[in-house]
Structures are given as C-alpha cells and as structure tokens.
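Take a look at the structure set out below.
The values are calculated or read from the model by the stated rules, or taken from the named source; none is laboratory data. Computed from a predicted model, the values in this text were never measured in an experiment. So basically every Cβ, Gly included, is an ideal-geometry build from the backbone, and we count neighbours across all protein chains shown.
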Amino acid sequence: MSKIKNILVIGDSCIDEYVYCSSDRFCPDAPVPVLNTIEKVKSLGMAGNVSDNLKSLNEDVSFLTNKQTVTKTRYVDKRTNHMFIRIDEGEDLINLIEKDKLESIEWSKYDAVVISDYDKGFLDESTIQYISKQHDVTFLDTKKPLNDWASDIKFIKINNIELDQSIGYLHDKESLYQDKIITTLGSRGAYYRGEDYAVEEVDVRDTSGAGDTFLAGLVSSYLTCKDIKVAIEFANECATQVVQKKGTAKIKLPL
C-alpha cells in the first residue's frame, strides 16, 4: 500500500445539486415538460470535486476555497439522464482569496499543491503565480488563458478548448512548457509531449466533473510513482470510471 500523501487543494468550489425527475406530460400553458421531483442529490463541485476525489483515493487533503455559497442545480430525467436545465446561483458573489490566508500556510508540510481555478473570482493570475512559487510540486487546472504567471507551475492540465485559447502564447514558449502541459481530450483520452493516451470505449452517462477526477488521479499517482506518463494513464482510468455514473461521481477503489 502506498504512503498517504498530504495535499493542499486551492480553488473555487460550488454545490452540485441534481434534481432527478420524471415527466409524462407537457405544461398546458407553455411548450415545456412538467417535472415531478423523485430525489435530490448534492455534492461538492469544481475544486471541491478535486478535493473529494483525492480523499476517495485515500489521500490526506486540506482544502482552501471560497466562503460564498455557489450552487449549480441540474434538473435531470432519472430514467434517461437527460438534463432539462441548469440553474447557477452565487458565482458573482465570490471574493478574491485573502492574502493573509496564503501567507499563513505552512507550505513545506504538503507533498503537492493543487490549484483548481474555474476563473470565478477566487484566484487571479498574481495569486496563482504566488502559490506556484511557494512549492516545487504544483499542479494547475485553469480556465484562464495561460501567460507568464503560470511559468513556475510543474504540471498544467487543460482540455483541448482551453488549449486553443492559449495556443499562441504556448507556441512562443514551447521550450518552457513542453514538459508541463497535459491536454485532456474527452473520449479520446489525453495528450502529452507528442504522445496520445487513449481510453477504453465505455457507455458514457455523465461527463460532469470528469476533468476534476482526472486531475485528482493524476496528482495521487504522480506523488506515488514520480512518473507523469504512468500518472496520466491512471488519471484516464479514474475519469473513465466516473463518466459511466450519473451526476458528479467520485472515484471508487479499486478501479
């Protein structure tokens, strides 16, 4: 059994709420279905999902996130898993992390720092740059276009859409970033340093939070084996497991 790692996760989080419904008729005064609630399921989302998945991998996790409550409520047909609507609340209330909180952290006690930046206002570029300078093993997943503020990050996980918005900058800094960037490609797996990491073809039920799960698996595995290629393969396995489940699912061991 591998040694439990001590990991700090920093980022904006939300409550993912799934309202599972049934529907057998349309509203008489509008062309919309009438939803009958069957059950409600809540879990932490965004950076909270990264934290919970690391805990599912038996890691020791500290979590620093926004005080303000953000909710993402999805109304979903329970039988087909078809989502009718998603309602987001509270994102405009998120405040930037307080500087004194960062300055009080004992960085050396952590094996790694994970920055899960959904770009909702909790972290700005200078704050991410500050965090990256406090620890040698820092992972980043960000919705922001990359620039020099990310140059001290050890590994950066982005999806192919996020890669496109930074491609010009990365082209000019290829030698600096070629060992850092790991691109997730959905059903096609992941890409790193010219190599494709394919995934098993499975019945996908819900992709919500799959990127968070990939990140958690990547960090946990890398801290165990110190081989990023092995870690990518494990992260793929973790993401493949959760997309076969409904909602914002968590990793379940053994894979």
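If you take the residues of region 224-240 that are part of a helix (DSSP H, G or I) and free of Cβ contacts under 8 Å to residues at least 40 places away in the same chain, which of them is surrounded by the most Cβ atoms within 10 Å (Cβ to Cβ)?
Among those that are part of a helix (DSSP H, G or I) and free of Cβ contacts under 8 Å to residues at least 40 places away in the same chain, it is ALA231.
Looking at (1) touching a Pro at 6+ places or on another chain (Cβ under 8 Å); (2) not in a strand (DSSP E or B), which is the only condition PHE84 fails?
It fails just one condition, (2).
Look through region 1-26, keep the residues that are part of a loop (DSSP other than H, G, I, E, B) and aliphatic (A, V, I, L, M), and return whichever of them is nearest to the chain's Cα centre (by Cα).
ILE4
Just one of VAL204, VAL219, VAL243 is buried (at least 17 other Cβ atoms within 10 Å of the Cβ), within 27 Å of ARG79 (Cβ to Cβ) and touching a residue at least 40 places away in the same chain (Cβ under 8 Å); which is it?
Selected residue: VAL243, the only one of VAL204, VAL219, VAL243 that is buried (at least 17 other Cβ atoms within 10 Å of the Cβ), within 27 Å of ARG79 (Cβ to Cβ) and touching a residue at least 40 places away in the same chain (Cβ under 8 Å).
If I ask for residues that are part of a loop (DSSP other than H, G, I, E, B) and of a type in the set (D, E, K, R), which ones from region 117-142 would you list?
Within region 117-142, ASP119, LYS120, ASP124, LYS133, ASP136 meet the criteria.
Answer yes or no: is there a residue in region 120-132 that is under 30 Å from ARG205 (Cβ atoms), surrounded by fewer than 12 Cβ atoms within 10 Å (Cβ to Cβ) and out of contact with any His (no Cβ under 8 Å at 6 or more places or on another chain).
Within region 120-132, none of the residues are under 30 Å from ARG205 (Cβ atoms), surrounded by fewer than 12 Cβ atoms within 10 Å (Cβ to Cβ) and out of contact with any His (no Cβ under 8 Å at 6 or more places or on another chain).
For region 88-114, which residues satisfy the criterion of being of a type outside the set (D, E, K, R), under 23 Å from SER151 (Cα atoms) and either touching an Asp or Glu at 6+ places or on another chain (Cβ under 7 Å) or in a helix (DSSP H, G or I) (or both)?
LEU96, LEU102, TRP107, SER108
Just checking, how many residues over region 27-80 are part of a strand (DSSP E or B), over 27 Å from LEU102 (Cβ atoms) and not charged (D, E, K, R)?
Adding up the residues that qualify gives 8.
Among the listed residues ILE156, ILE115, ILE131, which satisfies the condition of being more than 22 Å from LEU44 (Cβ to Cβ), under 19 Å from the mean Cα position of the chain (by Cα) and modelled with pLDDT of 95 or more?
After ruling out the rest, the residue left standing is ILE156.
Just wondering, is there one or more residues in region 92-102 that are loosely packed, with under 13 Cβ neighbours inside 10 Å, farther than 24 Å from PHE214 by Cα and touching a helix residue (DSSP H, G or I) at 6+ places or on another chain (Cβ under 9 Å)?
Scanning region 92-102, I find at least one residue that is loosely packed, with under 13 Cβ neighbours inside 10 Å, farther than 24 Å from PHE214 by Cα and touching a helix residue (DSSP H, G or I) at 6+ places or on another chain (Cβ under 9 Å), so the answer is yes.
Conditions first: (1) within 29 Å of THR224 (Cβ to Cβ); (2) assigned to a loop (DSSP other than H, G, I, E, B); (3) in contact with a helix residue (DSSP H, G or I) (Cβ under 7 Å, 6 or more places away or on another chain). PRO145 passes all but one, so which condition is the exception?
That leaves (1) as the condition not met.
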